[in-house]
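Okay, so here's the structure we're looking at.
The values are calculated or read from the model by the stated rules, or taken from the named source; none is laboratory data. All values derive from a computational prediction rather than experimental measurement. So basically every Cβ, Gly included, is an ideal-geometry build from the backbone, and we count neighbours across all protein chains shown. Only protein heavy atoms, including side chains, enter the accessible area calculation; ligands, DNA and RNA are left aside. Shrake-Rupley method; radii C 1.70, N 1.55, O 1.52, S 1.80 Å.
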Amino acid sequence: MFKTAVFNTKNEHDVLVVGIFEGDAFSSDVETLNQSLQQQISKLKKTKKIAKQGKCTSIYTLNQIQSDVVYVIGLGKKNEATTESIRVALASASQQLTKEKMSKVAFLVESFANESVDQQDVAVLIGEGLALGTYTVVDYKEKNNEVDVSIEEVVLYGSGEQLDEAATVGYTYGQGTNLARKLVNTPGNLMTPTDLAEEAVEVAKKHGFEYEVLEREEMEKLGMGALLAVAAGSDQPPKMIVLKYTGNPESEEVIGLVGKGLTFDSGGISIKPRENMHEMKMDMGGAAAVLGAMDILGSIKPNVNVLAVIPSSENLLNGSALKPGDVITSLSGKTIEVRNTDAEGRLILADGITYAKQLGATKLIDVATLTGAVIIALGDCTTGAITNNEEFMEDVLEASVETGEWIWRLPNYEPYKKMLKTSDVADLNNAPGRAAGSITAGLFVGEFAGDTPWVHLDIAGTAWQSKATDLGPLGGTGAMARTLAQVVINKEE
Ligand code: BES
Ligand code: MG
Ligand code: ZN
């Protein structure tokens, strides 16, 4: 799909995409283009402020060059542009490409670069932006919205070597994110634990990963009492999904990625209020992020070992459902008093984390739409994190800076851990109260990580956006798919 070439106004494209910075002189390719278009770009720049960050202006070329349209994207001040601001600008231009059904596209790579973001980086961002910006949510209307035109060819004009390879890497990141978005956006009746397991197996087969899907009987034998307790209220069979990528057979190190795969959360007997309950189809956002990351890793193939573990269930209510006051025994042997059946994520993650350790994970990251409290604390643009290991936390934060996905740490002090030990009848209380809700939820999961270096990511706010942004449409965002993959890739020796 991607090709690197030297800029020539005589080449034919549906659209040529260029970036311009406020104030600065044009790069040489933009100047060439400006000349061919009889100074249209510089005139517009003077009068219409088209260089403002995020603005996309179409210039019809009337055959003065061989592209039908030029998209001029404003990038703001050159010395202030960052990877993130350029990614957003490119994704928003890509949304326009989809709307206008463009299929042969070219980019002036140099026009997006500055001192901190070079042409290679820009090429990655073009690939990523194209995938992210062209994603649409499938609907199920009589006249459905399946896209009939898609991008066929992307020419990258620039001087860097193998810009096409860099763009392909970016595109892979974007596609993994889109897989996660798709899984989150699929309605709960069409994305049951069984469907989620099928999707996971598909990812495994695509990349040649080992995989295993545990059924109820096997969970009973192994003693996965926490996952089984949550699943008891639903007619849909639970699944424990495992994917394994062995990128470095010589190494003992295995990064475990554990994703909450709750395909619909009604709250159970501690039922949720009716308003917006439909959005709880997104409660498998952690699982989606893990599968998105595995899809990215399967293409990039770093020499690192990764184990993906996804406990999956519905949280519903029938005559056998888990009840407040019930005491259950988790796979680890620790007992849990269930004070609130809506705090189900930490229960299934408890068994997910323990199982990942049993299968050899030496480091753990769990990702989950775990608490409403994290939305109160951080809103929908920042993921909440908690850890038992400073160094590993730093690795995750570093990766998130590269991918532009914000993460903010929450404290893990002793008094919070004590709040979990407030059951008279069991080792742990699954719902110690509203105070510090995201912290106690995270630390509950941490009880099962024990001494294994562990980072918890609460994506209840970031997995879903309730309005469209430059990066994508309303709905699933694919949050943390790219960051999880980046953490693994950064471990490459
Ligand atoms: N899946 C929810 C958390 C959630 C809330 C995700 C909003 C996305 C958006 C989770 O299972 C839950 O219900 N948590 C409870 C915990 C409480 C009962 C201790 C919550 O946040 O209210
Ligand atoms: Mg819940
Ligand atoms: Zn939940």
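Structure data summary
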quantity	calculated
Antiparallel DSSP beta bridges within the chain, as percent of all bridges there, nearest 5	40
Protein-only accessible surface order, largest first, of Phe444, Phe7 at 1.4 Å	Phe7, Phe444
Mean-position separation - Cα centroids, segment 176-196 and segment 60-128, in angstrom	30
Cubic angstrom per residue, convex hull over Cα atoms of segment 2-157	110
Two-site FRET efficiency, Arg434 against Ser150, from Cβ-Cβ distance with R₀ of 41 Å, rounded to 0.05	0.30
Neighbourhood charge, 14 Å Cβ-Cβ cut-off, centred on Ser116 and excluding it, Lys, Arg +1 and Asp, Glu -1	-3
13 Å beta-carbon shell around Val230, net charge (K/R +1, D/E -1)	-2
Computed label-point distance, nm, for sites Trp408 and Met1 using a 7 Å Cα→Cβ extension	3.4
Solvent accessible area, Å² - Glu492, 1.4 Å probe, full protein context	90
Rounded, prolate or oblate (a/c below 1.5 giving rounded, otherwise prolate when a/b exceeds b/c) for segment 175-489 by Cα gyration tensor	rounded
Debye intensity ratio in log₁₀ form over the Cα atoms of segment 12-70, taken at each q of 0.14, 0.16 Å⁻¹	-0.35, -0.46
Listed pairs Lys55/Lys99; Lys206/Lys260; Lys52/Lys281; Lys182/Lys260; Lys55/Lys78; Lys221/Lys281 exceeding 26 Å between Cα atoms	Lys52/Lys281; Lys221/Lys281
Simple Cβ-charge dipole of segment 2-157, Lys/Arg +1 and Asp/Glu -1, about Cα centre, in debye nearest 20	680
Dipole magnitude (debye, nearest 20) for the chain, charges at Cβ of Lys, Arg, Asp, Glu	1500
Qualifying trypsin sites (Lys or Arg not before Pro) in segment 412-464, DSSP loop, other Cβ atoms within 10 Å at most 12	Lys421, Arg434
Distance from segment 272-333 to segment 434-493 (C-alpha centre basis), Å	12
Neighbourhood net charge (13 Å Cβ-Cβ; Lys/Arg +1, Asp/Glu -1) for Ala81	-3
